[in-house]
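J.: Next up is a structure, given as C-alpha cells.
What follows is calculated from the coordinates using simple rules that are stated; it is not laboratory data. Treat the numbers as computed from the prediction; the structure is a model and nothing was measured. Cβ placement follows ideal geometry from the backbone for every residue including glycine, while neighbour counts extend to all protein chains displayed.
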Amino acid sequence: MPRKPVHITAKIAVRTPCGEQGCWSVIRELRRFDRPLLVSRVQAHPTTVADYLRRLTLAGYVTRSDNAVYELVNDQPDAPRLRRDGTPAAEPGIGQEQMWRSMKMLGEFSPRELAAAASTDAARVTPTTAASYVKHLWRAGYLLCVAEARFGVGKAGAQARYRLKPSMNTGPLAPQVQRTDWVWDPNTRKALAPETRDQGGLHAEQ
C-alpha cells in the first residue's frame with residue numbers, strides 16, 4: 001500500500017495527539033478543561049489520560065476543582081515525566097537523542113553502525129535498541145532505505161542501510177517513539193502514525 005504524503009499524515013496527527021507529550025500539548029492549549037474533553041482530543045485510552053492527570057495533579061502542574069474541572073497552573077514546553085506518586089521520573093530517551101544526533105553525523109548507516117556511533121561510556125546503545133528506533137523512524141517516514149538487507153552467514157549477510165531524509169531533519173530534539181508506536185516529534189510538535197511496511201531484512205546479519 002503506498003504511503004500517505006507526510007503532510008497529510010501530519011494533518012491527521014495534529015487532530016489526534018498521542019502519548020504523554022501529545023496529552024500535555026492539548027492541556028497547554030486548553031488551559032482549563034474536564035477529563036472527557038481531554039480524552040476526546042488525544043489518541044490514548046481514557047484510563048491512560050486519567051492516570052497522567054492524577055500524576056500531574058500530585059506534582060502540582062494542574063489543579064482539580066470540586067466540579068472536576070482541571071486548570072494548568074505550572075506550564076513548561078515539554079511533558080513532565082512523573083512516577084505514579086507524582087515525583088519526577090528519570091529522564092528517558094537519552095539513547096534516542098544520541099542516535100538522532102549520530103544519524104546526522106553518519107549520513108548513511110546500518111542499525112549496528114548507528115548503535116556503535118551513538119554509544120558513550122555513560123549510555124550504551126545496543127544494536128537491538130538501534131534496530132527498533134530505525135524501524136519506527138522508517139515507518140514514520142523519516143528515513144530512506146538506501147540498500148536492502150542481504151540474508152546470509154558472515155560476510156554474505158548485511159543489514160539494510162538508511163539515510164535521514166533532508167526534509168525530515170526537523171530539529172535538534174530526537175523524535176520519540178510512543179507506546180502506541182506513533183512517533184512524536186518535539187521539534188514540530190506533531191505525531192506521525194506508523195505505516196505497515198515490509199521491513200526489508202532489517203535484522204539480517206545480526
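J.: Given the alpha-carbon gyration tensor of the range 94-192, what are the semi-axes of its equivalent ellipsoid in whole angstrom, ordered largest first, with each equal to the square root of 5 times an eigenvalue?
T.: Working from the Cα gyration tensor, I get semi-axes of 22, 16, 12 Å.
J.: In addition: Among T48, N74, A118, flag the residue with its Cα farthest along the positive direction of the charge dipole of the range 37-131, charges on Cβ as +1 for Lys/Arg and -1 for Asp/Glu.
T.: T48
J.: Would you list F109, F151, F33 from fewest to most Cβ contacts within 10 Å?
T.: Ordered from fewest to most neighbouring Cβ atoms within 10 Å, F109, F151, F33 come out as F151, F33, F109.
J.: Mind giving me the nanometre distance, one decimal, between the label points for E108 and A59, set 7 Å out from Cα along Cα→Cβ?
T.: Once both label points are built, they end up 4.2 nm from each other.
J.: Please work out how much length the chain gains when fully extended from R163 to T126, using 0.36 nm per residue of separation minus the C-alpha to C-alpha distance, in nm with one decimal.
T.: Extending this stretch completely gives an extra 11.4 nm.
J.: Which value in nm describes the separation of the simple spin-label points at V73 and D85, placed 7 Å from the Cα toward the beta carbon?
T.: Each label point is offset 7 Å from its Cα along the Cβ direction, giving 2.1 nm.
J.: Compute the distance in nm between two label points, each set 7 Å from the Cα along the Cα-to-Cβ direction, one at D66 and one at T170.
T.: Reported label-point gap for D66 and T170 is 4.3 nm.
J.: Compute the length gained on full extension between L30 and D51: take 0.36 nm times their separation in residues and subtract their Cα-Cα distance, giving the result in nm to one decimal.
T.: Gain in length upon complete extension: 5.7 nm.
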